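Reviewing the structure listed below.
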């Protein structure tokens, strides 16, 4: 899946920021190099399937990680090809871990995930959707990446897309947690700000829609009420209404735009919403029985 310009832009922000916050000790750098290789290796039989494609923001750091880890490579522009034998050693280094071991090896986990994201990861523009995706060239590497992400309380999904295996997650909280664990604090704050704005906008739209729906229903009910009461007043029974009901009926027909509370305020003396509602209800009951008029 290709990322659009806005997605690429947000992804590059994350990658650029995490470069500046990464450690450079040998253990972390070896894990980072192993993560880079996870995106481009097949395990059965073992082979490097394609060059590691680097964005400018992480190129120097990745090269340094390979050099500090003693990994031979060829560099052509922004494409780095690790020595296949050295890449196999990195995979063996990762394969010795069981999923339960990752809980006690947090720096290894962070280094590997950072490496995979640096090479193949992207984060969608949060103004459009919440999604982080990373690619590996085999299911075994994808399964290992999922086990590592679960130590960050992230539960990813896996999808075979033919040329690669995608590991992704779309829950907003998971994306935020990922950015925090990756050390992209500025990106996380920007992301949360966008999320908050979208939440407020959604609440406003929902409230407006609710208010519009209520207003429409109230208007429809008032129109039905007005028609029935006009019919009642025009009937013989209308002339025999008790004074308080007649007053209420006239107020309704002369002020159909008023709410029940406002109609109550027009009574002499004024009455509350409950009292006015009672009078209107009685008028509607009488209107509904016009087919059997009482002389």
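The values are calculated or read from the model by the stated rules, or taken from the named source; none is laboratory data. As the structure is a prediction and not an experimental result, all values here were calculated from the model. In this analysis, Cβ positions are derived from the backbone assuming ideal geometry, glycine residues included, and neighbour counts consider all displayed protein chains.
Can you confirm whether residue 82 is out of contact with any strand residue (DSSP E or B) (no Cβ under 7 Å at 6 or more places or on another chain) and either surrounded by fewer than 17 Cβ atoms within 10 Å (Cβ to Cβ) or modelled with pLDDT of 90 or more (or both)?
Details: out of contact with any strand residue (DSSP E or B) (no Cβ under 7 Å at 6 or more places or on another chain): no; either surrounded by fewer than 17 Cβ atoms within 10 Å (Cβ to Cβ) or modelled with pLDDT of 90 or more (or both): yes.
Against the criterion (out of contact with any strand residue (DSSP E or B) (no Cβ under 7 Å at 6 or more places or on another chain) and either surrounded by fewer than 17 Cβ atoms within 10 Å (Cβ to Cβ) or modelled with pLDDT of 90 or more (or both)), residue 82 does not qualify.
State the number of residues belonging to the range 142-195 that are touching a strand residue (DSSP E or B) at 6+ places or on another chain (Cβ under 6 Å) and at positive phi.
Here the count works out to 0.
Kindly indicate whether any position in the range 98-116 is more than 22 Å from residue 168 (Cα to Cα), part of a helix (DSSP H, G or I) and touching a strand residue (DSSP E or B) at 6+ places or on another chain (Cβ under 9 Å).
Scanning the range 98-116 turns up no residue that is more than 22 Å from residue 168 (Cα to Cα), part of a helix (DSSP H, G or I) and touching a strand residue (DSSP E or B) at 6+ places or on another chain (Cβ under 9 Å).
Kindly provide the set of residues from the range 77-107 that are touching a helix residue (DSSP H, G or I) at 6+ places or on another chain (Cβ under 6 Å) and under 16 Å from residue 143 (Cβ atoms), ordered by number.
94, 99, 102
Does residue 126 satisfy the criteria of being surrounded by fewer than 22 Cβ atoms within 10 Å (Cβ to Cβ), modelled with pLDDT under 90 and farther than 20 Å from residue 26 by Cβ?
No: the conditions fail for residue 126.
What residue, among those in the range 28-54 that are touching a residue at least 60 places away in the same chain (Cβ under 8 Å), out of contact with any helix residue (DSSP H, G or I) (no Cβ under 6 Å at 6 or more places or on another chain) and not in a strand (DSSP E or B), is surrounded by the most Cβ atoms within 10 Å (Cβ to Cβ)?
40
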